[in-house]
1. Can you find a residue that is touching a strand residue (DSSP E or B) at 6+ places or on another chain (Cβ under 7 Å), hydrophobic (A, V, I, L, M, F, W, C) and under 21 Å from ASP302 (Cα atoms) anywhere in region 162-176?
2. Report yes if ALA290 is among the hydrophobic types (A, V, I, L, M, F, W, C) and either free of Cβ contacts under 8 Å to residues at least 12 places away in the same chain or within 24 Å of ILE272 (Cα to Cα) (or both), otherwise no.
3. Within region 173-181, is there a residue that is within 24 Å of the chain's Cα centre (by Cα) and either more than 15 Å from ALA271 (Cα to Cα) or of a type in the set (Gly, Ala, Ser) (or both)?
4. What pairs come out if I take residues in region 328-339 that are assigned to a helix (DSSP H, G or I) and pair them with residues that are among the acidic types (Asp, Glu) and surrounded by fewer than 18 Cβ atoms within 10 Å (Cβ to Cβ) whose C-beta lies under 7 Å away, six or more apart or interchain?
5. Please count how many residues of region 29-46 are modelled with pLDDT of 85 or more and exposed (fewer than 12 other Cβ atoms within 10 Å of the Cβ).
6. So, in region 167-190, of the ones that are of a type in the set (A, V, I, L, M) and either in a helix (DSSP H, G or I) or modelled with pLDDT under 95 (or both), which residue ends up farthest from SER330 (Cα to Cα)?
7. With respect to VAL317, is the statement that it is under 18 Å from the mean Cα position of the chain (by Cα) and under 22 Å from VAL140 (Cα atoms) true?
Amino acid sequence: MSHSTSGHNSGKKFKLVVARDLGPDVMPILHSRPELDKIEPARDPGFLKMHKELLASSSCFLIGYDIPTSHRTGDHRIYTGLIPAGPDLKVISTMSVGYEHVDLDALGTRGIRLGYTPDVLTEAVADVTLMLALMAGRNVKETAALVDRGEWPKYTWSPFSFCGPQISSDWVRPTRTAGFIGFGRIAQATLARLIPFGITHCLYTSNPSSPRSSELEASILEKHPTLQVVERVDLLEVARQSDVVFVLAPGGEKTKYIVNEAFLKEMKKSAIIVNTSRGTLVDSDALAKALKEGWIWGAGLDVVDGEPNVDQDHPLVKEPRCVVLPHIGSATTETRLGMATLAAKNVLGGIFGENMPAELRLQSSK
């Protein structure tokens, strides 16, 4: 698709709908453009349904947050109704690395451009991914709760109380295996953080349609001399061999419940599973059963199927060895600022027919 820059000289005003205030460091990027007629809807996740008329007359749309799964219920492809109603719509910019909440076919048919925010959140999510593995393995939820309840003074120490599996290799177990479902940027950044802990083997599985990259594996081994193995294997082999399994694949129907009973039953009893990608990749009922019946040791989750409808009665929240965070993987000030800036620059590039810093290339019928 080719994009001209004629928008600069036409004198036309473009209506920009901003779903969220992107803060004092980013909003000036948009306010500085006199060609834009900016409208900022109320801070309500349901604003899309409430502002159909407004959106129908808009030229560009910037969504300033990653929509939780529950807000997609019955309308998970939120732009399906919006796009046909907005004949002047030129670009959508989403402040997220994922885009399963966007109807890509509808955008492609209309020739509407889509911006997203990959890369910038890689390091922050990798940090949380490692943190969850450590928290799950070292019983942080259970032991911190003991302190919070004021029960530490009543606790009688014994040699193996609250012990759990460690990530680090040592003289007792000189090898440790990390398994990855999905092996993109965040997975590789997570692996780099695991190397100093003594991870010696890396097994991964990825999209079956993607060819194996021997060059990638060789480059990782060269960069990390203490790593002995980097190998692509099938899904169940990741389950069988890994001490920690990291779920870091994209969301969508093709990966829904890729971690199910069959997968969990193949895992080691001492293993940990961590999910910082999308809640839909892990069957919550199967995971709760696996934890309750001791198929695996523990779990660390930043995402849960059906979030944010996850309360204290949720079966995973009830499990003492399951750490659940409220989808905070990218929640550092630096990362969110970078995502917001990229989202703003994407929408400007799209509305003025210029290059977008991070554009998802879509098949167009135009």
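1. yes
2. Criteria met by ALA290.
3. Scanning region 173-181 turns up at least one residue that is within 24 Å of the chain's Cα centre (by Cα) and either more than 15 Å from ALA271 (Cα to Cα) or of a type in the set (Gly, Ala, Ser) (or both).
4. LEU337/ASP25
5. Of the residues in region 29-46, 3 are modelled with pLDDT of 85 or more and exposed (fewer than 12 other Cβ atoms within 10 Å of the Cβ).
6. VAL172
7. So VAL317 fails the test.
Okay, residues lined up against (1) assigned by TED's automatic domain parsing to the domain that holds ARG173; (2) in contact with an Asp or Glu (Cβ under 9 Å, 6 or more places away or on another chain); (3) modelled with pLDDT under 95:
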position	(1), (2), (3)
LEU236	yes, yes, no
ALA239	yes, yes, no
SER242	yes, no, no
LYS265	yes, no, no
ASN275	yes, yes, no
VAL304	yes, no, no
LEU348	no, yes, yes
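The values are calculated or read from the model by the stated rules, or taken from the named source; none is laboratory data. This one's a predicted model, so the numbers in the text were calculated from it and none came from an experiment. A quick note on method: Cβ atoms are made from the backbone with ideal geometry, for glycine too, and the neighbour counts reach across all protein chains shown.
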